[in-house]
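The values are calculated or read from the model by the stated rules, or taken from the named source; none is laboratory data. Treat the numbers as computed from the prediction; the structure is a model and nothing was measured. Counting neighbours? That spans all protein chains shown, and the Cβs are built from the backbone with ideal geometry, glycine included. Surface areas here come from the heavy atoms of the whole protein model, side chains and all, with no ligands, DNA or RNA. Shrake-Rupley method; radii C 1.70, N 1.55, O 1.52, S 1.80 Å.
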Amino acid sequence: MSHMIGDIAFMSRNAGGARPLPDASLSGLQACWLAAGCCLRRFEARLRWLLLAMASLTALAGCQPPPLPPLMVGLNPWIGYDPLVLAREQGQTNPARVKVVELSTNAEKLRHFRNGLLDAVAMTLDQTLQLAEEGMDLRIVAVLDTSAGADVVMASPQLSSPQDLRGRRIAVEPSSVGQLMLRRMLDSAGMTLADVTVLPIETSHQLAALQAGRIAAAVSYDPPAAQLRSAGFVPVFDSGQMAGEILDVLVVRAEVLASRPADVEALLRAWNDGLASLESDGAGAAAKLAPSVGLSSSDYLQTLSGLRFFSPADSLAHLSGSPAPLRVEGERLAAALQAMQLLHRTPDWDRLHDAGPAARALRAQNTP
């Protein structure tokens, strides 16, 4: 056997033009060492190949994009947005995909949205039109609710009607909804802005201003309005007298909708689930949510009575058709805002709303 191995080694080297071995004959020990060396070289080659493969896999893994952060949706304190809060509290949202962020004021929410810190927001239709006019590329993906009494003008107890506010100071949060409410109240009393003094005051500071006598009335909404009632102030006008003009919608950045459609649909399913829970057990929802907004359960339920929520099917219907009902209502609102110099261009309705996500979320909800 040893001679055969030696001969093979000799022949192979000669065939390749190598210098011939001085002695083609090997002892048994030499043959064993040669065989062991060949095995060791083969093992080293395989080990190098394995290490190279592992390094390649590690490099490939390092090139994978990091997981996306959750979709950030912003809210300000408003019971009309509470189905999303309820969905979060009841574990009906996947926190890896959707994160519901509550901000202290409407102004703070809009500032975060403008600055790119939020992917989506719940806000009023008039605010949506104004942000679109500023140049933000937005898509309305759901119609949430309409205010039918939950927005209100609160006044000192000795004042019982809008006419009593002539010549008085009225606080209005710096928002188009507040200004629209004020205009509608003045219209109902046959007055104009020249008949009152308007002070821009955030809702969180209105109670102190009323108690100090700095203002006679304030344009507010619940839950802050409930605190004004508790302090003895009275309503003189509410959104029930301007039905359909204050709509809440769910708005998503266009690039987010294009790049993360599944997460947007997850957001809509969370809203749908939270709304179903709220409507099936209003008392239970009030017990969970009222303390966090400084209301009693009874005050919370009273505020709910001033809202009309859109079911998922109603929301989809509002976004669909030619023209969509949302567009018809929105055009009336845009005309009113333009008359008040709060809007200067006609909205591009062909770009502003998208019924696709609502349709897919509703199909998923109805699929067993």
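Residues in the stretch 174-218 that are closer than 17 Å to LEU333 by Cβ and either touching a residue at least 60 places away in the same chain (Cβ under 8 Å) or among the polar types (S, T, N, Q) (or both): SER175, SER176, VAL177, GLN179, LEU180, MET181, ARG183, ARG184. Here the stretch 155-183 is the region considered, the condition is being open to solvent by 60 Å² or more (accessible area, probe 1.4 Å) and not basic (Lys, Arg), and the residue that is nearest to the chain's Cα centre (by Cα) is PRO174. Here ASP299, ASP281 are screened, and the one residue that is of a type in the set (Asp, Glu) and touching a residue at least 24 places away in the same chain (Cβ under 8 Å) is ASP299.
Selection of helices (runs of 4 or more DSSP H) fully inside the stretch 194-263 by the criterion of at least 3 residues being over 24 Å from SER104 (Cβ atoms) and not charged (D, E, K, R) returns 254-259. Cβ-Cβ distances below 7 Å connect the following pairs, each with a first residue in the stretch 141-154 that is farther than 12 Å from LEU247 by Cα and open to solvent by less than 10 Å² (accessible area, probe 1.4 Å), a second residue that is charged (D, E, K, R) and assigned to a strand (DSSP E or B), and a separation of six or more residues or different chains: VAL152/ASP238.
Within the set ALA225, ALA216, the sole residue that is open to solvent by less than 50 Å² (accessible area, probe 1.4 Å) and more than 28 Å from the chain's Cα centre (by Cα) turns out to be ALA216.
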